[in-house]
Amino acid sequence: MKQTEEVEVSIESNTICRGLRVVVLRIVKKHEQQEECDDEVQETLPPRQVSRSDVNIRGSQRSTQSQKTQSKSRTVGLKSYFMPRTSAGAQPTIKSALQTKEAKEKTDLAMSKWLIDACLPFNAVNSKFYQHAIDAIASMGAGYKGPSFHDMRGHLLTKNVAEVRNFVENFRAIWKETGCTIMADGWTDQCRRTLINFLVYCPKGTVFLKSIDATEASKTANVLYSLFREVVLFVGAENVVHMVTDNAANYVAAGRLLEQEFPTLYWSPCAAHCLNLMLQDNGKLGEVSECVFHAAKITKYVYNHTFVLHLMREHTGGREILRPAPTRFATNFIALESILSQKDALRQMVTCKEWMQSTYSRDSKGKKFTDLVLDSSFWKESATIVYITKPLVRVLRLVDSENRSAMGYMYAAIWKARGEILKRFERRKRRVAPYIRIIDSRWDSQLHTNLHAAGYWITNMM
């Protein structure tokens, strides 16, 4: 009786396999007809384990070698239709394709619960490793148990560190071939620790080298020089062409010491930092500081009162007068440009019926706010300052971006911005004379180097 049941199950499985085989053969035959191939289509059974019942029914058993040969004969044709299962945009399996909408919703909900419970940001799913991890788990099948906390912090972390080290080592060949730039980025964290990050840039890309806690050390020129020298020797003095640091006096002195020891190394300050210092010097001018202070009073009053903020958003169409800056620097000038773009909306707000009927319009602070908004001299001066500094802010945005290195176009960009400022105020040269002096002073003493000139010449020659 048991043997009879096995034979019946085998017959049913063979029937299903023949049906699938017919579908596959039709697809392959259609594909070969489109390519005008005259090769004879051979039947290919789906790879499976042959049971004893199959031997009894068919009377003969196919060898393992024969199955491999026939499978390879049709692999080329099938690959054009079926994609790998574990890759982005992978071909779904029959089981996954037959899953109901409710089953998929249940799986997605389980993933979201894990994400929320672990307090992970939702943009974590944008990681390039996200879908790769899901495919790897799916390929393991049901019953897979994820790595434990100790696995994550133990041998898995060690393997990841080793992979990163190997990845960085792969860049050494590029450093020897094209040369590289070492960048030292000093910053202070929330615990008031002074950290210095070292990165290496080459045409292949930028890699993080290491981070040093310099809180306890006195950041004199000699101490910084010893730190920089150690990094240069690790990368290879013959591979380092350029060293970029902050613009503080101790960093400048350390850079000069490096140039003396390594004749083939050029030091230069951070271009974004230098441009920020230009704008900071512009902000110290009397008319600029007064205008920025005036704008700060308007923004503080708006964002400190919910009714005023709601009324402002209604008149500006939901736009803010104080938005996050696209660059870390020059926030005062960017904020001034932002509030200037909403001049008409703010004026309409303090003259509308809702404002006039509110208690804010009769309050002393509200009256001062109205006077600030309706001050025509403020708007006129703001427009002039933004018109002067806008070319310089544009250069700062280019330099501070991470799209490409600024060395090739820095030389031309600064002179183009300077010429644009002079052209805009060709009949009012006295008005822009202080701004031009600041640009020339910073440029001549910090950024006007042979390395920037060479980068500009090479970029134009290419």
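Out of all the residues in region 392-409, is one or more part of a helix (DSSP H, G or I), open to solvent by 80 Å² or more (accessible area, probe 1.4 Å) and farther than 30 Å from residue 278 by Cβ? Within region 392-409, none of the residues are part of a helix (DSSP H, G or I), open to solvent by 80 Å² or more (accessible area, probe 1.4 Å) and farther than 30 Å from residue 278 by Cβ. Answer yes or no as to whether residue 254 is among the small types (Gly, Ala, Ser), over 26 Å from residue 417 (Cβ atoms) and crowded, with 20+ Cβ neighbours inside 10 Å. Yes: the conditions hold for residue 254. With respect to the conditions (1) touching a residue at least 24 places away in the same chain (Cβ under 8 Å); (2) open to solvent by 100 Å² or more (accessible area, probe 1.4 Å), residue 113 falls short on a single one, namely (1).
With the condition kept exactly as written, say whether any residue in region 399-418 is more than 30 Å from residue 205 (Cα to Cα), modelled with pLDDT of 75 or more and small (Gly, Ala, Ser). The answer is no, given that none of the residues of region 399-418 is more than 30 Å from residue 205 (Cα to Cα), modelled with pLDDT of 75 or more and small (Gly, Ala, Ser). Is it the case that residue 244 is closer than 25 Å to residue 439 by Cβ and surrounded by 14 or more Cβ atoms within 10 Å (Cβ to Cβ)? The answer is yes for residue 244. Within region 434-452, being closer than 20 Å to residue 394 by Cα and of a type in the set (A, V, I, L, M) holds for 436, 438, 439, 447.
What are the residues in region 120-171 that are among the hydroxyl-bearing types (Ser, Thr, Tyr) and closer than 21 Å to residue 107 by Cβ, if any?
Going residue by residue through region 120-171, those that are among the hydroxyl-bearing types (Ser, Thr, Tyr) are 127, 130, 139, 144, 148, 158.
127, 130, 139, 144, listed by residue number.
Are any residues in region 277-297 open to solvent by 20 Å² or more (accessible area, probe 1.4 Å) and either at positive phi or among the polar types (S, T, N, Q) (or both), and if so, which ones? Hits for region 277-297 are 280, 289. Pairing each residue of region 227-250 that is under 19 Å from residue 272 (Cβ atoms) and among the hydrophobic types (A, V, I, L, M, F, W, C) with any residue that is in a loop (DSSP other than H, G, I, E, B) and at pLDDT 85 or above, provided the two are 6+ apart or on different chains, yields C-beta distances under 7 Å for 243/265.
If you go through region 133-158 and keep only what is loosely packed, with under 10 Cβ neighbours inside 10 Å, assigned to a helix (DSSP H, G or I) and basic (Lys, Arg), you end up with nothing. Exactly one residue out of 351, 331 is open to solvent by less than 80 Å² (accessible area, probe 1.4 Å) and β-branched (Val, Ile, Thr), and it is 331. Total residues in region 211-249 satisfying the condition of being assigned to a helix (DSSP H, G or I) and either closer than 14 Å to residue 196 by Cα or charged (D, E, K, R) (or both): the figure is 9.
The values are calculated or read from the model by the stated rules, or taken from the named source; none is laboratory data. As the structure is a computational prediction, the values presented were derived from the model and not from experiment. Cβ sites come from the backbone with ideal geometry, for glycine too, and all protein chains shown count toward neighbours. Side chains included, ligands, DNA and RNA excluded: accessible areas come from the protein's heavy atoms. Shrake-Rupley method; radii C 1.70, N 1.55, O 1.52, S 1.80 Å.
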